[in-house]
Amino acid sequence: MTKPTLTTTAGNPISDNQNSITAGPRGPVLMQDYQLIEKLAHQNRERIPERVVHAKGWGAFGTLTITGDITRYTKAKVFSQVGKTTDLLLRFSTVAGELGAADAERDVRGFALKFYTEEGNWDLVGNNTPVFFVRDPYKFPDFIHTQKRHPKTNLRSPTAMWDFWSLSPESLHQVTILFSDRGLPTDVRHMNGYGSHTYSLINAAGERFWVKFHFKTLQGHKHWTNGEATQVVGRTRESTQEDLFSSIETGNFPKWKMQVQVMPEADAEKTSYNPFDLTKVWPHSEYPPIDVGILELNRNPENYFNEIEQAAFSPSNIVPGISFSPDKMLQARIFSYADAHRYRLGTHYEHLPVNAARCPVHHYHKDGSMRFFPQMTGNTDAYYEPNSVSGAAVENPAYAEPPLAISGDAERYNHRIGNDDYSQPRALFELFDADQRARLFSNLAEAMWGIPEAIAERQLGHFDKVHPEYGAGVRAALEAMTREKAAETAQQQKMPQGAAAAE
Ligand code: NDP
Ligand code: HEM
């Protein structure tokens, strides 16, 4: 088979891709070697900023197939018929690690979905846990600073983490999940996904329901202990990428059961907890999960950078029949993601193939970097709106949502007053058997060991309030660690010089 001729990006044929143009065989290179300069310059532009959080990720394409009818709650076309299939992209991630971080680290996993629906993209940007560390977006940047590197040491700081968490008891629920078995899944196939926030569903009659989305792994749950994960990282830093890529490549397609919990709009006034508080779940006994569909991943990306690194997920991408809720955290995220994408990817990031909607798109945005697509206003004469140009795109009031009653005085309300941060972590703690509790205690002790005593005591006080066994268990694990460390030090002091290093 004849091979095509290599060209410049402008299409000019290239005669030699092995040797630079030099003045004599030993001489310096000439400025006129445009292709040499072009290759070096392109390489300098191969990186874009990594995501400020969730930088390390793994993704694949797949489908959602509807198995249960929820049209009484939503008119969203994605749910319109049992048997209907919608294409999707799912990107998983860790939160704190940078782009090159090891995969097998104890951290929350991102579970970001983009459904390419006939009414535009629906992005459900969730995690592998149903709750989060904070409930007010005002605290998100502070929280993330505690997870990233210390400005002076450039190391991660357990002191900063526990200082923040112990001063933010709303984090207890998520902290308990993070340090339990599910906080370190072996890979992303063996974990659940959650939309986490409360969203809304709107049906054809204009009725609103509150909703939580869940994705239950059909592969079963699998986790590593801290010790196992250390060995895994020693063997490979890319354990999740290897697992996901190879399982899809060999036709072993991972699946999740999609479920929803649905709450009638008026119930939000009646629940004992704030149903829009991201640190809380809705108990299944009150709002039982309803089966909706099967999510399957069945195609690896052809080009990781193109389709995964440049993927842009945003909770602001909703479709008719699915919408937001008063959750403060969700409200902030509606702003934050598109803002991040404009900075990370560029003005017209939604037109990159992986982000582009697979339905007609009409808007009046004009110039800016990456303006490679034609006018999308319906008629090229129209570049502003309103206009008198025939065929130009206009709004459609049929898509208006029913009004949402909101009232109250503008104030910085203290969300830590009158909020029960202990009952739901207790319900979770009570689900754990003795072995699970023992691993929780030792994982926590490992993470807390060496932090200032006042901070440790403040955090232990919260564990006591969740369950007396919880506080006592972590205390005992910390004491055991202190004894172990003291024994290790004593052992090292007894050894002849150089023996410890040689071991
Ligand atoms: P249920 O007993 O009805 O539900 C318990 C849920 O907890 C199930 O979804 C189960 O997920 C999950 N679960 C079971 N074991 C563990 C574990 N070791 N670590 C983390 N999650 C686990 O009780 P409630 O609905 O009243 O919830 C009780 C507690 O369970 C909550 O406080 C919350 O911490 C946790 N939970 C609740 C969820 C909810 O939406 N209600 C969702 C996830 C957790 P699975 O089916 O995958 O085993
Ligand atoms: C990524 C902000 C809370 C899940 C990001 C990014 C930002 C951000 C700026 C990087 C986006 C990019 O560059 O593409 C915030 C803010 C939050 C918040 C301001 C709170 C106020 C949450 C919560 C969840 C979550 C509660 C889950 C329930 C994710 C996921 C990603 C992400 C999964 C990675 C998306 C991807 O794969 O590209 N977040 N976040 N975040 N966030 Fe959040």
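Bear in mind these aren't lab numbers, they're just calculated from the coordinates by the rules spelled out. Small disclaimer: the values here were computed from a predicted structure and weren't measured. Positions of Cβ are backbone-derived with ideal geometry, glycine not excepted, and every protein chain shown enters the neighbour counts.
Which value, to two decimals, describes the C-alpha radius of gyration of the chain once divided by 2.2 N^0.38 Å?
1.13
Assuming R0 = 45 Å, what is the FRET efficiency of Leu167 and Glu38, from their Cβ-Cβ distance, to the nearest 0.05?
0.25
For region 238-397, what is the convex hull volume of its Cα atoms per residue in Å³?
Expressed per residue, the convex hull around the Cα atoms of region 238-397 is 194 Å³.
Tell me which of Ala480, Thr65, Asn419 sits at the most positive position along the dipole axis of the chain, charges placed on C-beta atoms (Lys, Arg +1; Asp, Glu -1).
Ala480
Using label points projected 7 Å from each Cα along Cα→Cβ, tell me how many nm separate Tyr413 and Ile290, to one decimal.
Rounded to a tenth, the inter-label distance reads 2.8 nm.
Which whole-Hz couplings ³J(HN,Hα) result when phi for each residue of region 381-392 is put into the Karplus expression 6.51 cos²θ - 1.76 cosθ + 1.60, θ = phi - 60°, listed in order with x for Gly and Pro?
Computed from phi, the couplings for region 381-392 are 6, 9, 10, 8, 8, x, 8, 9, 7, 6, x, 7 Hz.
Give, in nm to one decimal, the length gained when the segment between Asn17 and Asn226 is fully stretched (0.36 nm per residue of separation minus the Cα-Cα distance). Before the final figure, lay out each step's value.
On the way: separation 209, 0.36 × 209 = 75.24 nm, distance 4.88 nm.
Using 0.36 nm per residue and subtracting the Cα-Cα distance, I get 70.4 nm.
Compute the normalised compactness of region 432-488: alpha-carbon radius of gyration over 2.2 N^0.38 Å, N being the residue count.
Relative to the 2.2 N^0.38 Å estimate, region 432-488 comes out at 1.08.
Sequence neighbours fewer than 8 away in the same chain don't count; with that in mind, list the aspartates and glutamates whose C-alpha is under 14 Å from Lys465.
Glu170, Asp420, Asp421, Glu430, Glu457
What aspartates and glutamates could a cross-link reach from Lys212, if we take a straight Cα to Cα line under 18 Å and drop same-chain neighbours fewer than 8 places away?
Asp69, Asp123, Glu265, Asp267, Glu269, Asp277, Glu286, Asp291, Asp327
Measuring from label point to label point, each 7 Å out along Cα→Cβ, what is the Ala454 to Asn387 span in nm?
Between Ala454 and Asn387, the label points sit 6.4 nm apart.
Going down the table (Lys84/Lys255; Lys56/Lys216; Lys84/Lys366), which pairs top 25 Å between alpha carbons? It would help to have the intermediate numbers written out before the result.
On the way: Lys84/Lys255 16 Å; Lys56/Lys216 23 Å; Lys84/Lys366 36 Å.
Exceeds cut-off: Lys84/Lys366.
So if I place +1 on the C-beta of Lys and Arg and -1 on the C-beta of Asp and Glu, and nothing else carries charge, what would the dipole magnitude of the chain be about its Cα centre? I want it in debye, nearest 20.
600 debye
Compute the distance in nm between two label points, each set 7 Å from the Cα along the Cα-to-Cβ direction, one at Arg45 and one at Arg156.
In this crude label model, Arg45 to Arg156 measures out at 3.5 nm.
What is the set of long-range amide H partners of Ser157 at a cut-off below 5 Å, with H atoms built 1.01 Å from backbone N?
His150
Residue-wise, which Karplus ³J(HN,Hα) couplings in Hz belong to region 205-211, taking 6.51 cos²θ - 1.76 cosθ + 1.60, θ = phi - 60°, and x for glycine or proline?
7, x, 8, 9, 10, 8, 8
If packing is taken as the average count of other Cβ atoms within 10 Å, what order do 50-59, 180-189 fall into, highest mean first?
Result, highest mean first: 180-189, 50-59.
Determine the distance separating the Cα centre of region 225-303 from the Cα centre of region 150-212; give it in Å without decimals.
12 Å
Hey, which lysines would be in cross-link range of Lys485, C-alpha to C-alpha under 26 Å, not counting anything within fewer than 8 residues on its own chain?
Partners found: Lys494.
Please work out the C-alpha center-to-center distance from region 349-363 to region 1-18 and express it in whole Å.
Cα centroid of region 349-363 versus Cα centroid of region 1-18: 32 Å apart.
Under the 0.36 nm per residue contour assumption, what length would be gained going from the current alpha-carbon distance of Arg299 and Glu238 to full extension?
Numbers: separation 61, 0.36 × 61 = 21.96 nm, distance 1.90 nm.
So the extension gain works out to 20.1 nm.
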